[in-house]
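Some notes on the structure that comes next.
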Amino acid sequence: MISGCIENNNKEKTIIVFCGSVSKPAIEEAAKVFEEKEKIKVELSFGGSGTMLSNMEISRKGDLYIPASPDYMEKAKREKVVDPESIKIISYLVPAIIVQKGNPKNIKTLEDLARSYMVENINCQKIGRSEATM
């Protein structure tokens, strides 16, 4: 998801983007192409989606907010940080289970992955918290 922010105090031709870290490679490439084509600087800030939302609220700056999950966009709408009419879905995140070569622990399902000895801290990432409830 992507959204335009409510207030833009930016006077120069610069677009300020607050983005969840998971999208960093794609957004960096898109920003590079945009800068070359449009001759407008793109200032990128990456971090956790909640941190990026807080940074936008505190700084009262920003043109685009790209969180990693829809719940952060809903929070941004509730707090009137983004323009609800500007929200567009631009990508989906698809989780993947990556195992050691040869799959020595025979992980084939989410149930296999959920065994307590498989995952050190399932609450570490947003997707980890979501997957724990599946």
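The values are calculated or read from the model by the stated rules, or taken from the named source; none is laboratory data. This is a predicted model, so every value here is computed, not measured. All Cβ positions, even for glycine, are placed from backbone atoms using ideal geometry, and neighbour counts span all protein chains on display.
A few comments on the model shown:
- Subset of segment 96-134 that is at pLDDT 85 or above and farther than 25 Å from S69 by Cβ - its residue that is surrounded by the fewest Cβ atoms within 10 Å (Cβ to Cβ): K101
- Taken as a whole, segment 75-91 holds at least one residue that is part of a helix (DSSP H, G or I) and within 14 Å of the chain's Cα centre (by Cα).
- Among the residues of segment 65-81, not a single one is within 18 Å of A30 (Cα to Cα) and out of contact with any helix residue (DSSP H, G or I) (no Cβ under 7 Å at 6 or more places or on another chain).
- Here E29 passes the criteria (1) at pLDDT 95 or above; (2) surrounded by 13 or more Cβ atoms within 10 Å (Cβ to Cβ); (3) closer than 24 Å to P95 by Cα except the one numbered (2).
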